[in-house]
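Contents: one structure, followed by commentary.
Quick note: the coordinates plus some simple rules give every number you see, no bench work behind them. Predicted model, so just to flag it, every value in this text is computed and none were measured. Backbone-built Cβ (ideal geometry, glycine too); neighbour counts: all protein chains shown.
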Amino acid sequence: MSSQTTLELINLRKPRHALTRELYTDEGVFQQDLELIWHKEWIFAGHTFEIPKSGEYFTLTIGQYPVVVVRDDKGNIQAFHNACRHRGSRICQNSKGKNAKLVCPYHKWTYGLDGKLLFAGNMGADFDTSKHGLTPVHCEIVNSYIYVCVAENAPDFEPFRKAMSPFTTPHNLDNCKVAFESNLIEKGNWKLVFENNRECYHCDGNHPELLNSFVENLSVAGVGGEEDPELAEHWNKCEAAGLPSRLVMDEDGQYRMTRIPLSDKAVSYTMSGKPAVKGRLDESGVDDIGALLYFLYPSTWNHFLGDHALSFRVLPLSSGETLVTTKWLVPKDAVEGVDYNIDDLTKVWLATNDQDRQLVEETFKGVQSPAYKPGPFSDIAENGVCQFVDWYCDTMKKRLS
């Protein structure tokens with residue numbers, strides 16, 4: 001599909017309505033999504049504490065770009081295009097690992113952890129290794145979150161860092177570890193995955209485990225609105241204890257941070273509502289801090305509680321496949337089986353993620369029908385999903401034009 005046709009489809013969208021069939025299903029539109037959004041924006045890659053030692057790395061693929069994120073000999077985290085400068089083979093082929101050097105498995109070209117080419121056999125006396133180092137990828141870190149951008153010129157990261165850091169700093173993420181990781185391939189378009197996340201209209205009928213603790217607050221579901229007295233009381237309580245809580249959202253709607261109360265007597269995402277982990281991430285002294293929620297389009301949403309946190313990463317695989325990675329974060333000194341039980345920690349969101357997968361997959365099957373027509377969003381319960389779709393359309397309009 002041509003860029004002009006995609007622009008026409010976006011321009012045809014009625015206000016406060018879902019997208020047309022082709023914008024979810026067409027492979028040409030998907031390639032434009034990659035080119036104009038995924039290959040240009042800051043993408044959540046992983047956490048610094050996943051690679052604590054020099055030589056440790058993890059890999060991810062952002063659209064058409066394989067990327068490796070590695071801790072170098074000086075302890076710094078760097079990102080590179082995961083393609084050998086010889087004939088393009090992926091250098092790091094596992095999802096994670098540890099190596100003293102980065103060695104291409106094809107012809108054994110050998111790179112330092114700083115990306116410099118150290119050895120290339122049989123290339124002759126005139127070959128200059130200094131001109132064939134790994135190609136760097138823009139990399140920024142804020143409170144353990146590693147963000148990468150494969151664009152030649154990355155957007156300014158500082159506004160997001162300035163907005164996010166006050167919210168996440170009190171949760172001591174640098175002293176955390178991944179207690180459990182889940183990877184789900186959802187057979188649906190990446191936009192449907194994010195749309196589903198941005199509303200809880202579907203929760204009553206689909207998420208009994210989550211609703212033991214989570215309560216959507218419609219005041220913060222979209223772009224704000226009337227301030228709820230209970231919400232304001234929660235914000236005041238948390239902010240008095242040093243936890244920024246009031247809604248922060250950038251003018252383009254690409255990111256948002258806010259803290260919301262959970263249901264009565266619930267302090268964590270567990271079946272009982274009780275903490276899943278002994279000890280705390282924060283030092284506020286407030287027993288019930290609710291949940292800090294933040295998202296950054298197009299790749300991540302996150303939940304921070306008193307006892308643990310969850311990071312979610314979205315990566316598009318094709319027009320009809322999306323990888324959703326969830327990580328449960330706990331204090332690094334917490335001992336499994338003593339300070340937390342994996343089943344208690346993960347049960348709610350393992351169930352919720354799988355329910356969401358089914359919803360996304362059934363929606364993707366439905367929107368493929370030639371009879372599908374985009375319906376209206378609820379003025380009450382779907383302001384968040386409308387806000388995401390508006391962001392997508394506005395972003396694509398600017399870049400297609």
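What residue, of Asp379, Asp390, Asp354, Asp394, is acidic (Asp, Glu) and under 30 Å from Asp282 (Cα atoms)?
Details: Asp379 fails: under 30 Å from Asp282 (Cα atoms); Asp390 fails: under 30 Å from Asp282 (Cα atoms); Asp394 fails: under 30 Å from Asp282 (Cα atoms).
Going through Asp379, Asp390, Asp354, Asp394 in turn, the sole match is Asp354.
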Legend entry - Some residue of the stretch 174-188 being out of contact with any strand residue (DSSP E or B) (no Cβ under 9 Å at 6 or more places or on another chain) and outside any loop (DSSP other than H, G, I, E, B): yes
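Restricting attention to the stretch 319-342, does a residue exist that is in a helix (DSSP H, G or I) and not polar (S, T, N, Q)?
Yes, that holds for at least one residue.
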Inset, instruction - Count, please, the residues in the stretch 312-340 that happen to be surrounded by 22 or more Cβ atoms within 10 Å (Cβ to Cβ), out of contact with any Phe, Trp or Tyr (no Cβ under 6 Å at 6 or more places or on another chain) and of a type in the set (Ser, Thr, Tyr). - result: 1
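Rundown of residues vs (1) closer than 22 Å to Asn217 by Cβ; (2) assigned to a helix (DSSP H, G or I), yes/no style:
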{"residue": "Trp349", "(1), (2)": "yes, yes"}
{"residue": "Thr352", "(1), (2)": "yes, yes"}
{"residue": "Arg357", "(1), (2)": "no, yes"}
{"residue": "Glu361", "(1), (2)": "no, yes"}
{"residue": "Pro370", "(1), (2)": "no, no"}
{"residue": "Lys373", "(1), (2)": "no, no"}
{"residue": "Asp394", "(1), (2)": "no, yes"}
{"residue": "Arg399", "(1), (2)": "no, yes"}
Inset, instruction - Counting only residues that are of a type in the set (A, V, I, L, M, F, W, C), give me the strands (runs of 3 or more DSSP E) lying completely in the stretch 1-98 with at least 2 of them. - result: 43-47, 56-62, 65-71, 77-81
Legend entry - Any chance Gly121 is in a loop (DSSP other than H, G, I, E, B) and either within 20 Å of the chain's Cα centre (by Cα) or on the phi > 0 side of the Ramachandran plot (or both): no
Inset, instruction - Take the residues in the stretch 268-283 that are in a loop (DSSP other than H, G, I, E, B) and among the hydrophobic types (A, V, I, L, M, F, W, C), then tell me which one is surrounded by the most Cβ atoms within 10 Å (Cβ to Cβ). - result: Ala276
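Just to verify a result, which residue in the stretch 1-46, among those that are of a type in the set (Asp, Glu) and touching a Lys or Arg at 6+ places or on another chain (Cβ under 9 Å), is surrounded by the fewest Cβ atoms within 10 Å (Cβ to Cβ)? It would help to see each step written out before you state the result.
Quick first cut of the stretch 1-46, residues of a type in the set (Asp, Glu) only: 8, 22, 26-27, 33, 35, 41.
Those left that are additionally touching a Lys or Arg at 6+ places or on another chain (Cβ under 9 Å): 33, 35.
On the way: Asp33: 24, Glu35: 14.
The residue in question is Glu35.
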